[in-house]
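Engineer: Have a look at this one before I ask anything.
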Amino acid sequence: MKALVMGGGMGGLATAINLLDLGLEVELVEADEIFGGRASSWLDEDGDMIDNALHVFFPYYANLLNFFKKMGIEENILWKQTEFYYMQEGGREAVLKFANLPAPFHAAVAFWSLLKNYTAVPKWKLLFTAAGMGGAVMYSNRKIEKLDEVTFGQWLVRRAPKDAFLPLEPGINGLTFTPSWMISAKVMLNWFRKVAADPDSARVGFANGGLGEIWVDTCLDYIHSKGGKTELKKAVSAINFEDGKVKSVTVGGKERTADIYVSAISPYSLRSVLPKEAFFYDYFRNLWHFRYAPSLSLQVWFDRKLTDVDVTFFSNNCIFNTYADLSNVLPDIFKGGSMFEMVLSPADHIEGLPDEVIFDIAIKQIKGLFPGAREAEVRKYKVVRERQGVYRALPGMESHRPYQRSPIDNLYLTGDYTKTHVSSGGMEAAIWNANHVAEVIALDKLGRTVSLNVEWKPKKGLTPLLKPATQVGAALGGLALARGALKLLKASRSED
Ligand SMILES: Cc1cc2nc3c(=O)[nH]c(=O)nc-3n(C[C@H](O)[C@H](O)[C@H](O)COP(=O)(O)OP(=O)(O)OC[C@H]3O[C@@H](n4cnc5c(N)ncnc54)[C@H](O)[C@@H]3O)c2cc1C
């Protein structure tokens, strides 16, 4: 049985591997001049590594980590300390440092550590942040599901004064490229619950080099060793239906056929190559709900060190929110001065600006945050515009994500935007969906049940006791109040 996989990003490559392992013949076509899609990297004209974007890994990426293990590349993720640095004007650092304590105390201690030096918001407001997020940890899954009806901003406004949640904004922007007043509350609270679930889950891992080399090349070797075929610069320009099935796909003006077709391309690209009759199905009409949340990536090489920190930085009110100094993260690769790699998001208001203007805004902001940069010389910078963005995880979007089995018998969909409970997108979603589409194909076409995906299981810690403890606390508090009131009543009666 032959499968034609459209798209060679992380999702397409992993799908091709899974299908080859099931014994299928696989042909993969990719429109771009490189494989890897958004999770790619390359060398520039000076031989410097250019990442398509700063990618970080979390320990709760259970399926991605299994896939990396299977490919023998898990050692290439460098796990750092569970801390995040907030850089503030004039070089003032505040640190969110998670402690090695049972959850949720690890997060409470982290918040306490941030409180000491974080000055963008008055401390009394930050107590509302702690109370709001502490409450969210106790939400049931059902309640979290319901929160896909409102934005995170709407959820916040009922819980805290203005700006109380400012420290979360860089993380929200860095993860979703969408501000809090637009992003689904479910998406953000799900993420927060993962980080708060386990003392280790706030640990960030970086690829020990370019994903192009570590991930993409390894996948290609595996695919070719199993007889799979891959081609670059081969865009699918049409998916052709006949008698309610895919008859062929058009690539480079020529029709190609297979027994099954797997789309691992973006929802925007897919909806532009589907035939008109596809949109009689709600399933395919849903693709038109997807809106693009733009991002840009900026790499800046300095002639000297600006910091020794080797974890992720956050900053508020900058065009970059999340960034890292890769000369500390990957000292063997980025030698000499600092090399800042920054995700610029949300990028709606800057994506149309020329590179020089974007760099000019960024460097002024960097100099404000890192006084050392005022004396430093910029050796070079690079703005990456291609292969950027994610879909905008607005309220209600979860219900529009397509399941991997389409209503067309021989057409399947995968990619990070397709349906999964693990997250709204990102690398774990791309791998989970690549596994799930193979599970579904095995069942439908080979009559075989295979289990590729696993559930991430956090150490529970003391979090399950939090709700009963709060309820007992509230009951005891109520009892004490009632007793006090009774005493007062008795005293006032005896005075009468
Ligand atoms: C700035 C940035 C930072 C990110 N940081 C993180 C992070 O820290 N952690 C994390 O988990 N995730 C991160 N992500 C998300 C991660 O990159 C994606 O989730 C993942 O790469 C998605 O893989 P995919 O295969 O689903 O999609 P893509 O990578 O988009 O792959 C789709 C492929 O299809 C190809 N294609 C499109 N149209 C056609 C066509 N008509 N014919 C043939 N081929 C076609 C494209 O060229 C592309 O190669 C980040 C993304 C960006 C942009």
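Engineer: Which strands (runs of 3 or more DSSP E) sit wholly inside segment 232-280 and have at least 2 residues that are within 13 Å of Met6 (Cβ to Cβ) and modelled with pLDDT of 95 or more?
Structural biologist: The strands (runs of 3 or more DSSP E) meeting that bar are 236-242, 245-251, 260-263.
Engineer: Can you spot a residue in segment 61-70 that is at pLDDT below 95 and closer than 24 Å to Val311 by Cβ?
Structural biologist: No, every residue in segment 61-70 fails to be at pLDDT below 95 and closer than 24 Å to Val311 by Cβ.
Engineer: Another question about this same structure. Being within 14 Å of the chain's Cα centre (by Cα) and assigned to a helix (DSSP H, G or I) is the requirement here; does Leu189 meet it?
Structural biologist: yes
Engineer: Another question, if that's okay. Only one of (1) in contact with a strand residue (DSSP E or B) (Cβ under 9 Å, 6 or more places away or on another chain); (2) touching a residue at least 40 places away in the same chain (Cβ under 8 Å) fails for Ser113. Which number is that?
Structural biologist: Only one criterion is unmet by Ser113, namely (2).
Engineer: Considering each of Phe314, Phe290 in turn, give the residue that is more than 16 Å from Tyr381 (Cα to Cα), in contact with a Gly (Cβ under 8 Å, 6 or more places away or on another chain), of a type in the set (Phe, Trp, Tyr) and surrounded by 18 or more Cβ atoms within 10 Å (Cβ to Cβ).
Structural biologist: Phe314
Engineer: Looking only at segment 86-112, count every residue that is surrounded by fewer than 19 Cβ atoms within 10 Å (Cβ to Cβ), closer than 23 Å to Arg193 by Cα and at pLDDT 95 or above and tell me the total.
Structural biologist: Of the residues in segment 86-112, 1 are surrounded by fewer than 19 Cβ atoms within 10 Å (Cβ to Cβ), closer than 23 Å to Arg193 by Cα and at pLDDT 95 or above.
Engineer: Which members of segment 421-437 meet the condition of being closer than 20 Å to Val450 by Cβ and either in a helix (DSSP H, G or I) or within 11 Å of the ligand (Cβ to nearest atom) (or both)?
Structural biologist: Matches in segment 421-437: Val422, Glu428, Ala429, Ala430, Ile431, Trp432, Asn433, Ala434, Asn435, His436, Val437.
Engineer: Residues Leu211, Leu232: which one is within 10 Å of the ligand (Cβ to nearest atom) and either under 30 Å from Val311 (Cα atoms) or in contact with a Pro (Cβ under 9 Å, 6 or more places away or on another chain) (or both)?
Structural biologist: Leu211
Engineer: Looking at (1) charged (D, E, K, R); (2) closer than 11 Å to Arg387 by Cβ; (3) more than 23 Å from the chain's Cα centre (by Cα), can you tell me which one Asp32 breaks?
Structural biologist: (3)
Engineer: Quick check on my filter: what residues within segment 361-416 are among the aliphatic types (A, V, I, L, M), within 16 Å of the ligand (Cβ to nearest atom) and under 26 Å from Met49 (Cα atoms)?
Structural biologist: The answer is Ala362, Val383, Val384, Val390.
Engineer: Could you figure out which of (1) in contact with a helix residue (DSSP H, G or I) (Cβ under 7 Å, 6 or more places away or on another chain); (2) farther than 30 Å from Tyr381 by Cα isn't true of Lys70?
Structural biologist: Going through the list (1) in contact with a helix residue (DSSP H, G or I) (Cβ under 7 Å, 6 or more places away or on another chain); (2) farther than 30 Å from Tyr381 by Cα, Lys70 breaks only (1).
Engineer: Just to be sure, is Val343 under 30 Å from Ser269 (Cβ atoms), touching a residue at least 12 places away in the same chain (Cβ under 8 Å) and in a strand (DSSP E or B)?
Structural biologist: So Val343 fits the description; yes.
Engineer: Give Ser272, Ser266 a once-over and let me know the one that is at negative phi, without any contact (Cβ under 8 Å) to a residue 40 or more places away in the chain and within 14 Å of the ligand (Cβ to nearest atom).
Structural biologist: Unique residue meeting the criteria: Ser272.
Engineer: Which of the residues belonging to segment 303-340 are touching a Leu at 6+ places or on another chain (Cβ under 6 Å), within 16 Å of the ligand (Cβ to nearest atom) and in a loop (DSSP other than H, G, I, E, B)?
Structural biologist: If the condition is that a residue be touching a Leu at 6+ places or on another chain (Cβ under 6 Å), within 16 Å of the ligand (Cβ to nearest atom) and in a loop (DSSP other than H, G, I, E, B), then Ile319 is the only one that fits.
Engineer: Continuing with the same structure: Which residue pairs have Cβ atoms closer than 8 Å, lie 6 or more positions apart in sequence or on different chains, and pair a first residue in segment 16-39 that is of a type in the set (Phe, Trp, Tyr) with a second residue that is more than 9 Å from the ligand (Cβ to nearest atom) and assigned to a loop (DSSP other than H, G, I, E, B)?
Structural biologist: Sorted first by the residue in segment 16-39, then by its partner, the pairs are Phe35/Leu232.
Engineer: Test Tyr417 against the criterion of being closer than 30 Å to Glu439 by Cβ, in contact with a Gly (Cβ under 9 Å, 6 or more places away or on another chain) and crowded, with 18+ Cβ neighbours inside 10 Å, and give yes or no.
Structural biologist: Yes; evaluated as a whole, the condition is true for this residue.
Engineer: Condition first: among the hydroxyl-bearing types (Ser, Thr, Tyr) and modelled with pLDDT of 90 or more. Now tell me which residues in segment 114-138 satisfy that.
Structural biologist: Matches in segment 114-138: Tyr118, Thr119.
Engineer: Let me ask you something else. Could you list, in sequence order, the residues of segment 424-445 that are surrounded by 24 or more Cβ atoms within 10 Å (Cβ to Cβ) and either in contact with a His (Cβ under 8 Å, 6 or more places away or on another chain) or among the β-branched types (Val, Ile, Thr) (or both)?
Structural biologist: Met427, Ile431, Val437, Ile441
Engineer: Another one. Suppose we filter segment 6-34 for residues that are closer than 18 Å to Met427 by Cα, more than 6 Å from the ligand (Cβ to nearest atom) and either not assigned by TED's automatic domain parsing to the domain that holds Leu413 or not aliphatic (A, V, I, L, M) (or both); how many remain?
Structural biologist: 2
Engineer: Let me ask another. If we scan segment 276-291, do we find a residue that is within 16 Å of the ligand (Cβ to nearest atom), under 20 Å from Arg387 (Cβ atoms), basic (Lys, Arg) and without any contact (Cβ under 8 Å) to a residue 60 or more places away in the chain?
Structural biologist: No, every residue in segment 276-291 fails to be within 16 Å of the ligand (Cβ to nearest atom), under 20 Å from Arg387 (Cβ atoms), basic (Lys, Arg) and without any contact (Cβ under 8 Å) to a residue 60 or more places away in the chain.
Engineer: Do you know which residues across segment 169-186 are away from the ligand (no atom under 15 Å from the Cβ), within 10 Å of Ala393 (Cα to Cα) and among the hydroxyl-bearing types (Ser, Thr, Tyr)?
Structural biologist: Hit for segment 169-186 is Ser184, nothing else.
Engineer: When you go through Leu126, Leu115 one by one, which is the residue that is of a type in the set (A, V, I, L, M) and surrounded by fewer than 21 Cβ atoms within 10 Å (Cβ to Cβ)?
Structural biologist: On inspection, the qualifying residue turns out to be Leu115.
Engineer: Might you let me know whether segment 330-340 holds any residue that is under 23 Å from the mean Cα position of the chain (by Cα) and within 28 Å of Arg392 (Cα to Cα)?
Structural biologist: Yes, some residue in segment 330-340 is under 23 Å from the mean Cα position of the chain (by Cα) and within 28 Å of Arg392 (Cα to Cα).
Engineer: Which one of Gly228, Gly212 is farther than 25 Å from Phe98 by Cα, more than 22 Å from the chain's Cα centre (by Cα) and buried (at least 20 other Cβ atoms within 10 Å of the Cβ)?
Structural biologist: Result of the check over Gly228, Gly212: Gly228.
The values are calculated or read from the model by the stated rules, or taken from the named source; none is laboratory data. Given the structure is predicted, the values throughout are model-derived calculations rather than measurements. Note that we place each Cβ from the backbone using ideal geometry, even for glycine, and neighbour counts take in every protein chain shown.
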